[in-house]
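Worksheet: one structure, shown below.
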Amino acid sequence: MSIYVKAVRLADALAALAEPPGPQGGFQVIAGGTDVYPARTARIAWMRPADEPMLDISGLAELKGVAATGGAFRIGALTTWSDIMSAPLPPAFDGLKLAARQVGGAQIQNRGTIGGNLCNASPAADGVPPLLALDAEVELRGPGGLRCLPLARFVTGNRATGLAPGELLTAVIVPRPPDGERSAFLKLGARAYLVISIASVAVNLSLDRDGRIATARIAVGACSAAPVRLTRLEAALLGARPAEADVLLAAEDGLAPIDDVRGSATYRLASAETLLRRAVHGFAPARREAA
Ligand SMILES: Cc1cc2nc3c(=O)[nH]c(=O)nc-3n(C[C@H](O)[C@H](O)[C@H](O)COP(=O)(O)OP(=O)(O)OC[C@H]3O[C@@H](n4cnc5c(N)ncnc54)[C@H](O)[C@@H]3O)c2cc1C
């Protein structure tokens, strides 16, 4: 039988993680459990041991909720997708909210957390592209104290993160976006809902008074080992009108999709480009009908 510990204070959780590993290994952190439990069940089904001790952090109140601080928004690691959907956030976060609405179904959105999504580091994690497009950082606490890392340096590959031994992700910090910035998130799956992304895109744009793109931050998921920002495309879009913008992917964008059961690499790239074009063109001001 596995050891199960539920921490009610952050200090206790960090102390438990600092303990030397027992015969069954170190603690496996569990937040909402929506990635941990399916993975454990799969391991057991393949007769592989799944008996490491579990550290349940879901009761840590200090890691829950969204708060506006001076120049930033702080999203606690245990904030669920449902909490994000209902949080009062500016339009620059609409892409993140759209992603939240498409993570699994209502039960998963009520349990699954933003921190769990980032730490699980799936190439198809729907939380990563919108947070990259928001220039997010992660806040980490552990034996070395408190440190912050840009999200792009935290999620470094397929299931690979910059989490050091004994550390917990405690929050996601998003610098306050400029007024007037809007955002979009589009994902393609094998069906409309309850599906892992074949490709996903997040776009944050602001327009100048003339309706031209003044700032652009763009990220793509499920088309490389970790979701990436497309800085070349971002620069190429500046000054264009959204409806007329050429949205083309290039080799320098660093996308390197794999062939798998969900789609071929070629299909993923074509899908990402189509989703990007739809997202960018969608920022065009609505045309007024003649009276
Ligand atoms: C039916 C179903 C549908 C799904 N659909 C989607 C989808 O459409 N899109 C999508 O992106 N995901 C999807 N998921 C995956 C999952 O729901 C999300 O990734 C969710 O956000 C994970 O959060 P969690 O709190 O449940 O993580 P957990 O399962 O509790 O943890 C995930 C990993 O992160 C670690 N961890 C968690 N929190 C912390 C922390 N604060 N500090 C350090 N380590 C931590 C855990 O040790 C574990 O390795 C789906 C899952 C299921 C079962």
Can you go through R278, R217, R268 and tell me which one is among the basic types (K, R), outside any loop (DSSP other than H, G, I, E, B) and surrounded by fewer than 16 Cβ atoms within 10 Å (Cβ to Cβ)? R278
Options L89, L98: the member that is of a type outside the set (G, A, S) and assigned to a helix (DSSP H, G or I): L98
Which of the residues spanning region 135-167 are surrounded by 24 or more Cβ atoms within 10 Å (Cβ to Cβ) and outside any helix (DSSP H, G or I)? A136, V138, V155
Number of positions in region 44-63 that are surrounded by 13 or more Cβ atoms within 10 Å (Cβ to Cβ) and more than 11 Å from the ligand (Cβ to nearest atom): 5
Only residues in region 170-190 that are within 17 Å of P242 (Cβ to Cβ) count as the first member; pair them with residues that are acidic (D, E) and modelled with pLDDT of 95 or more, Cβ under 9 angstrom, at least 6 apart or cross-chain, and list the lot. R182/D94; S183/D94; A184/D94; F185/D94; F185/D126
Identify the single condition in (1) of a type outside the set (A, V, I, L, M, F, W, C); (2) farther than 22 Å from L186 by Cβ; (3) modelled with pLDDT of 95 or more that G144 does not satisfy, given that it satisfies every other one. (3)
Filter region 97-108 for residues that are surrounded by 20 or more Cβ atoms within 10 Å (Cβ to Cβ) and either within 8 Å of the ligand (Cβ to nearest atom) or more than 14 Å from L78 (Cα to Cα) (or both) and give the result. A99, Q102, V103
Residue tally, condition aliphatic (A, V, I, L, M), within 22 Å of R191 (Cβ to Cβ) and within 12 Å of the chain's Cα centre (by Cα), over region 93-114: 4
Given the conditions (1) more than 24 Å from R262 (Cα to Cα); (2) surrounded by 12 or more Cβ atoms within 10 Å (Cβ to Cβ), every one holds for D179 apart from (2)
Do we have any residue at all in region 230-251 that's in a loop (DSSP other than H, G, I, E, B), within 30 Å of A106 (Cα to Cα) and not small (G, A, S)? no
Starting from region 110-134, keep only residues that are touching a residue at least 12 places away in the same chain (Cβ under 8 Å), then list their pairs with residues that are within 6 Å of the ligand (Cβ to nearest atom) and assigned to a helix (DSSP H, G or I) whose Cβ atoms are within a distance under 7 Å, requiring at least 6 positions of separation or different chains. A125/N117; G127/N117
What are the pairs with Cβ atoms under 7 angstrom where one residue, in region 246-268, is under 10 Å from C223 (Cβ atoms) and the other, located anywhere, is charged (D, E, K, R)? Sequence gap at least six, or different chains. L249/E273; D253/R232; P257/R268; A265/D259
Quick check, is V203 over 27 Å from P21 (Cβ atoms) and buried (at least 23 other Cβ atoms within 10 Å of the Cβ)? yes
Would region 59-73 turn up any residue that is small (G, A, S), at pLDDT below 95 and farther than 30 Å from R182 by Cα? no
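The values are calculated or read from the model by the stated rules, or taken from the named source; none is laboratory data. Only a predicted model underlies this, so the values are computations on that prediction, with no experimental measurement involved. For neighbour counting, all protein chains shown are included, and Cβ atoms are generated from backbone atoms with ideal geometry for every residue, glycine included.
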